[in-house]
Amino acid sequence: MTTETLPRVFSGVQPSGLPHVGNYLGAFRNYIAMQDGHDAIYCIVDYHALTSTHDSELIRRNTHEMALGLLALGLDPEKAVLFRQSDRPEHAELAYLLSTVVPVSWVERTPSFKEKKRTQPDDVNHALLTYPVLQTADIAIYHARYVPVGKDQAAHLELAREIVRAWNARYGDYFVEPEAVFTDSPVVRGTDGVQKMSKSLGNVVEIFGDEAVIRKQIMSMVTDTQRVLRTDPGRPEVCNVCQLHRFFGDDYELIWDGERTARTGCVDTKRLLADRMLTFFAEARERRRELEAKPGYVEEVLRAGAETLAPMAAETLRVVRDRMGLG
Ligand code: TRP
């Protein structure tokens with residue numbers, strides 16, 4: 001599982017509950033693809049979640065749900081390591097050590113920090129500021145080179161490279177500069193048709209929800225706002241429903257043609273998308289039900305994952321502490 005010769009992959013996901021279509025198209029497809037031919041490590045980042053949620057029960061439940069969803073989607077613990085961030089507290093120590101080479105100006109100007117100041121003005125906690133430093137530690141502690149993520153993480157990955165470089169410059173070459181790996185749909189828009197699909201924005205299409213709920217989410221999607229009458233031609237290039245069809249069938253051009261010529265209407269195209277998505281995810285939905293029925297399974301996978309990583313984390317901390325003059 002962790003042979004030295006395969007290129008190492010690491011990614012982390014916030015425990016926001018059940019994975020949605022945006023998570024899948026933007027990053028999880030790559031998690032699953034890269035578990036072959038790579039030494040892949042995937043993490044549910046519950047420490048990071050504390051920057052925006054202070055509900056302990058929710059964090060625990062959502063961590064479990066996210067892990068269950070990933071396993072149902074095909075993440076295979078025989079091939080890749082899946083673990084919970086807080087089960088490897090060495091991440092927090094490395095984050096602290098890395099933070100000593102990070103100028104405050106770097107983290108203050110991070111786009112996600114500026115956004116959080118806007119979206120949670122009453123909770124601009126210190127951990128929000130150091131969020132990207134912890135993210136860097138997550139990756140660097142295992143010397144991962146490739147990091148499958150959505151486009152929203154590009155700035156964090158750029159910062160991770162700078163932080164690693166700053167540490168290497170001061171204490172000698174040790175850490176690998178990580179590279180982001182995107183899918184061919186690195187940005188997935190939500191049901192509003194404008195903003196990125198995100199649980200916190202309430203614009204998601206679920207993967208594991210009730211069929212009726214998923215159909216409703218898809219039927220509520222905003223399409224081409226300039227197409228007012230059923231007889232108006234549609235513009236598939238701007239229509240989010242048409243864009244999503246690209247990933248759930250091999251005949252999207254035919255569907256697009258129907259829209260352009262007004263042979264089909266938005267309602268037809270949405271209904272078709274709902275059918276196709278439900279078919280596409282049928283196996284994962286079934287698998288989730290199976291895994292959910294196995295008591296203790298998810299917790300056991302997470303526990304074993306963290307245990308596998310213990311020697312690697314310890315070795316990195318040993319070298320870093322030594323080079324930095326500690327202990
Ligand atoms: N910030 C990432 C997100 O919000 C989650 C994350 C934490 C992560 N640590 C990481 C992603 C390390 C990639 C690598 O989605």
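Just one of the listed residues (A127, A154) is in a helix (DSSP H, G or I), more than 10 Å from the ligand (Cβ to nearest atom), farther than 19 Å from V101 by Cα and among the aliphatic types (A, V, I, L, M), namely A154.
Yes/no per residue for (1) of a type outside the set (S, T, N, Q); (2) in the same structural domain as G17 (by TED's automatic domain parsing); (3) within 23 Å of the chain's Cα centre (by Cα):
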site: V205; (1), (2), (3): yes, no, yes
site: A212; (1), (2), (3): yes, no, no
site: E253; (1), (2), (3): yes, no, no
site: G258; (1), (2), (3): yes, no, no
site: C266; (1), (2), (3): yes, no, no
site: V301; (1), (2), (3): yes, yes, yes
site: A304; (1), (2), (3): yes, yes, yes
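Evaluating P236 against the criteria (1) within 29 Å of A137 (Cα to Cα); (2) in contact with a Phe, Trp or Tyr (Cβ under 7 Å, 6 or more places away or on another chain); (3) part of a loop (DSSP other than H, G, I, E, B) leaves one unmet condition, (1). When R260, R230 are checked against the criterion of being surrounded by 13 or more Cβ atoms within 10 Å (Cβ to Cβ), in contact (Cβ under 8 Å) with a residue 12 or more places away in the chain and among the charged types (D, E, K, R), R260 stands alone in meeting it. Pairs are defined by a Cβ separation below 8 Å, a sequence spacing of at least 6 or placement on different chains, a first member in the stretch 22-39 that is in the same structural domain as L68 (by TED's automatic domain parsing) and at pLDDT 95 or above, and a second member that is basic (K, R) and assigned to a helix (DSSP H, G or I); the pairs so defined are G26/K151.
Sort through E108, E78, E115 and tell me the only one that's surrounded by fewer than 15 Cβ atoms within 10 Å (Cβ to Cβ), within 12 Å of the ligand (Cβ to nearest atom) and assigned by TED's automatic domain parsing to the domain that holds R170.
Details: E108 fails: within 12 Å of the ligand (Cβ to nearest atom); E78 fails: within 12 Å of the ligand (Cβ to nearest atom).
Just a single option satisfies the conditions, and that option is E115.
Which of the helices (runs of 4 or more DSSP H) contained wholly in the stretch 246-327 include at least 2 residues that are touching a strand residue (DSSP E or B) at 6+ places or on another chain (Cβ under 6 Å)? Show your work before the answer.
Details: elements: 252-260, 266-280, 282-292, 297-323.
Once the helices (runs of 4 or more DSSP H) in the stretch 246-327 are filtered for at least 2 residues that are touching a strand residue (DSSP E or B) at 6+ places or on another chain (Cβ under 6 Å), what remains is 297-323.
When you go through (1) assigned to a loop (DSSP other than H, G, I, E, B); (2) within 12 Å of the ligand (Cβ to nearest atom); (3) in contact with a Gly (Cβ under 8 Å, 6 or more places away or on another chain) one by one for Y42, which number turns out not to apply? Result: Y42 passes all but (1).
The values are calculated or read from the model by the stated rules, or taken from the named source; none is laboratory data. Remember, predicted model here, so these are calculated numbers, not experimental data. All Cβ positions, even for glycine, are placed from backbone atoms using ideal geometry, and neighbour counts span all protein chains on display.
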